Every structure is written in C-alpha cells, then in structure tokens.
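What follows is one structure encoded as structure tokens, with my remarks underneath.
The values are calculated or read from the model by the stated rules, or taken from the named source; none is laboratory data. Just so we're clear, the structure is a prediction, and the values are computed from it rather than from any experiment. Note that we place each Cβ from the backbone using ideal geometry, even for glycine, and neighbour counts take in every protein chain shown.
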Amino acid sequence: MAKKASRTHIGQEVVDGSPAEAKLPKVKPIIKDRYQRSAEVEMTYLNDDGGVTLLDPSTLEFVDVSAEDCAEWGMDSPEHGYGFGISVDINVAKKLLGWEDQVTNAAIKRAGCDLTIKVPNSNPEKDADMTLYVNMKRNPHNRPLRKTLADDYADQMLRNEWKYNGEAIIFGTNQMLNGGQHRLVGLVLAEYKRQRDPKHYGEEPIVRKFYIVSGIDPTTQDTTDIGQTRNYGDVLFQRAEFDPAQYNERDAKKLSTDLGGGIRLVWLRSAGLQIADAKKLHNPVMLRMLDMHPRLKDATECIYKIDNDSIDPNKDAKERQKSRINKYVSKQQAVGLMYLMATSFTEDANDINYDNWEVAEEFWTNFADLDVTGWFSRLREALQMHKSGAEPLKRDQVNALTIKVYRSWVDEKKPGKVGLNAQEKENPGSIKIGGLDVDPEE
C-alpha cells in the first residue's frame, strides 16, 4: 500500500532522492485530451476512494492521492496522470528501477535474475571487476530487458550525445514501470563504465534529465514504444540536406535514405566492420560522420542521377533502362562504395583525399550503362546470376565482388572470370579498397 500523500515539496527538482533548494515552476498535469476515455469505461486502476497512486517527486516514494487532493497536485482529474522533471544519477535510477543487486551467489544463479553485469570492485585492493546479479522489483511485468539496447544508451550518455527530448519514464498506479527501463539501466551502466575509466570519461558522475509520469493505467503498457523509430533517412530529410528548390519531396526522401545508408557503410568499413556485424549507428554519430565527410552528399546525388529515371525525363524508356544501378546493387551500398573508391588515396582520416573522385564516378557510370562491356558486363551478369540463384550473395559479398572488379579495372587487367572463392565468401571483409577502407590495425 502506498503512503498517504504529504505535499511538502511539490514542484521541486529532485537530485539523489532529495529535493533541491531551487524550486521549479509549478508542475503541469498531462494534457487531458491525450487521455480521453469513453464514459462507459470503468476506471479500474483508481483507488477505492476514486483517487490515484502517484510518485512523489520529493521522496520518490508512491503516495495515495484522493480525488479531492488532485487539484493540489495540479491535476484536473485522477485519471490524467502526473508528471515532473528530475535530474537522475545512478542512485535515483536504481531507486526508480527498484534495483537490488548481490555478488555471485549460487541461489541467485539457480533462481535467475533480470541482469548480470561486471562492475568495478568495491575492494580497492582488488583490480578485477566483480559480477553483480541484479533484480529490479519495479520492473517485473515490463518487456524483457535488452542488454545491448541499454549498452547503446549508456554509450550515448558517455559521449554526451544523449539529448533530453521530453519522452517520459512511465509508472502505473501499481507502482511498476510501464516504460523507460532501458534508459534507466543505460544510465546505471554508463556510470559504472565512467567509474571504471574516469580519466577517459571524466571525474563527474553521470547525471541526466528525465521526465517522470505516474498514475497511469497499468494495462496501457502494451501501447508504449510502438511508434515508428526515426531512421537515418527521416533525420536527414527533416534537416533538408538536399535543396528543396532542386528536388521535389519524393526525390529528397529517396536521396536522404540513400545518403543515410551510405554514411553507415562508410562508418562500418572505416572501423573494419561489415554489414553482417549489425552494429547500430546512432543518429547523432551519423550526423557527425556527415560533418566529417560532407561529400557523401555529392556521391549520393551522383549515384541518384545515374540510377533514377526521373532525373532526366527527356530520355526514352529504352535509354532510361540503361541506367539502373539498383537492379544489381542497392543505391545505399553504391553511395558508400563510390565514396570509399573516391577517397582511396586518403592516408589520414583527418585529411580526406578526393583525388580519385572522377575515377570512382566513371566506374559507376560504366556499371550502370548496359552498353559498356568488359569488366562491367561481367560484374552485372555475376550479380544478376547470384541474385536470382538458389544461394544469393549477401550484402557484404556483393560489396566484396564489386570492389574486386573495381580493383581489376583500375589496374587495367584483362577482363576475366568474376566471382568469389570460398575464403572470400567466408570473409568478404578481407577485400579492401584502401584509403578509409582498411583494417583498424593499419
């Protein structure tokens, strides 16, 4: 049972579970229209007296608020929820999660736990990390925790790429988390990583702003986090990376999508990774990559103009059919590969060399033109055969085959058989362009 409400610090910011001295403006209730309901729906999650259980910002404890006291909390009605902003550090995050951890214990291993993590040893005489077995008592009915997602959030926070966007941590009236577990666990993991390497991540503890909402119907948990994630193309389109005076909305969206995929491919291969590694490129890092490599936009427009029929409507259907890169290689891959080819003379990643740009552009122009034979017709035939065959090439293998032909063409070798041997199929990342596309050790 929640405690009886005691309103002593309403509207104050909470740090480390204690109210800060400076008061915030009076907290506003959640917008009423977002929680409209049919008059026939019974509000079964309310308390017996028609009130609601809310999280007190001053103590981070749950309290019962009667229907009559809702006005004191700035609420029109108990079913509208209550929200407040709060600065969260590792201690506050653990309290919100109901975090309970123990060092290695056979009973815990048998019973299972929500999370197993390595943390800096609390004994200063021991250098090795210790293993914590964690249960989160306020998170029993949430979706299973994805450790990789929490780690991703932790890395964003450590790189100061985490931005407060108003998205709430949600608690139901049953005092359990409806949504936000990955962000809170991410903050805890970020702080443990900072403690392990303070010279790299700084001496100051990780603290981030969150918005907390409580008093929500617990049965609405299945309706959270179902919105569509903004992909790279969405972000780039919203930033108007391509001149709206030159491209209509349809073309600009396609260009943005191709640019996003090209950025990711350059990011992966410049780190010695492959598409199959499935590493996620977060939007802030993606935008930073574009700042470092602005001519990726030029590569995108180049590939698009070669490939897309609508760029030159004066061409007849037969002529337009000769320019179809996308028939063999995705335009996103083509953008990334063209950029890597164009920068293949680069010796220092901080000083990009574009001397090979015209050669890279010529390669893709020839590849798209069905009248050009030699290496290009053989590559198209190989890609088409594998695309329609029983064992189609994977994307990394398509990249490897394309790079292999590119290198033979640049070296002016006599056109020959196009394909990958068993070792190259197994490790397609071993075939490199050079420049940015090298092994990390190099």
Filtering helices (runs of 4 or more DSSP H) wholly in the range 277-337 for at least 1 residues that are of a type in the set (A, V, I, L, M, F, W, C), over 30 Å from ASP371 (Cα atoms) and at pLDDT 90 or above gives 283-292
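Scan the range 48-65 and tell me whether some residue there is farther than 29 Å from ARG208 by Cβ, at pLDDT below 85 and surrounded by 14 or more Cβ atoms within 10 Å (Cβ to Cβ). So that I can check it myself, show each step before the final result.
The initial filter retains those residues of the range 48-65 that are farther than 29 Å from ARG208 by Cβ, namely 48-51, 64.
Still in the list and also at pLDDT below 85: 48-51.
From what's left, surrounded by 14 or more Cβ atoms within 10 Å (Cβ to Cβ): 50-51.
Yes, the range 48-65 contains a residue that is farther than 29 Å from ARG208 by Cβ, at pLDDT below 85 and surrounded by 14 or more Cβ atoms within 10 Å (Cβ to Cβ).
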Cβ-Cβ under 6 Å, sequence separation 6+ or interchain: first residue in the range 346-363 and under 18 Å from ILE306 (Cβ atoms), partner among the polar types (S, T, N, Q). Which pairs? ASN356/SER344
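Suppose the filter is modelled with pLDDT under 80 and part of a helix (DSSP H, G or I); does THR148 pass it?
no
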Members of the range 196-208 that are in contact (Cβ under 8 Å) with a residue 40 or more places away in the chain and either part of a helix (DSSP H, G or I) or in contact with a Cys (Cβ under 6 Å, 6 or more places away or on another chain) (or both): ARG196, TYR201
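Assess whether VAL329 counts as being buried (at least 21 other Cβ atoms within 10 Å of the Cβ), under 27 Å from the mean Cα position of the chain (by Cα), in contact (Cβ under 8 Å) with a residue 12 or more places away in the chain and assigned by TED's automatic domain parsing to the domain that holds GLY260. Steps first, please.
Working: buried (at least 21 other Cβ atoms within 10 Å of the Cβ): yes; under 27 Å from the mean Cα position of the chain (by Cα): yes; in contact (Cβ under 8 Å) with a residue 12 or more places away in the chain: yes; assigned by TED's automatic domain parsing to the domain that holds GLY260: yes.
When the stated conditions are applied, VAL329 passes them.
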When only residues in the range 153-173 that are crowded, with 18+ Cβ neighbours inside 10 Å and in contact with a helix residue (DSSP H, G or I) (Cβ under 6 Å, 6 or more places away or on another chain) count, which is farthest from GLU204 (Cα to Cα)? GLY172
Does GLU412 satisfy the condition of being within 26 Å of LYS254 (Cα to Cα), more than 31 Å from the chain's Cα centre (by Cα) and surrounded by fewer than 15 Cβ atoms within 10 Å (Cβ to Cβ)? no
Considering ALA342, ALA334, ALA400, ALA349, which residue is under 30 Å from the mean Cα position of the chain (by Cα), surrounded by fewer than 18 Cβ atoms within 10 Å (Cβ to Cβ), assigned by TED's automatic domain parsing to the domain that holds ILE306 and not basic (Lys, Arg)? ALA349
Criterion: assigned to a helix (DSSP H, G or I) and in contact with a helix residue (DSSP H, G or I) (Cβ under 6 Å, 6 or more places away or on another chain) - qualifying residue of GLN384, GLN423, GLN397: GLN397
I want to confirm something. Restricting to the range 114-126 and keeping residues that are part of a loop (DSSP other than H, G, I, E, B) and modelled with pLDDT of 70 or more, which single residue is farthest from ARG194 (Cα to Cα)? ASP114
Could you please let me know if ALA422 is free of Cβ contacts under 8 Å to residues at least 40 places away in the same chain, in the same structural domain as ASP298 (by TED's automatic domain parsing), of a type in the set (A, V, I, L, M, F, W, C) and surrounded by 16 or more Cβ atoms within 10 Å (Cβ to Cβ)? no
When you look at ALA107, is it at pLDDT 80 or above and part of a helix (DSSP H, G or I), yes or no? no
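For every residue, the table says whether it meets (1) farther than 13 Å from GLU241 by Cα; (2) free of Cβ contacts under 8 Å to residues at least 40 places away in the same chain; (3) surrounded by 20 or more Cβ atoms within 10 Å (Cβ to Cβ); (4) not assigned by TED's automatic domain parsing to the domain that holds ILE403.
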site: LEU259; (1), (2), (3), (4): no, no, yes, no
site: ARG264; (1), (2), (3), (4): yes, no, yes, no
site: HIS282; (1), (2), (3), (4): yes, no, no, no
site: VAL285; (1), (2), (3), (4): yes, no, no, no
Looking at TYR247, TYR192, TYR211, can you tell me which residue is surrounded by fewer than 21 Cβ atoms within 10 Å (Cβ to Cβ) and in a helix (DSSP H, G or I)? TYR192
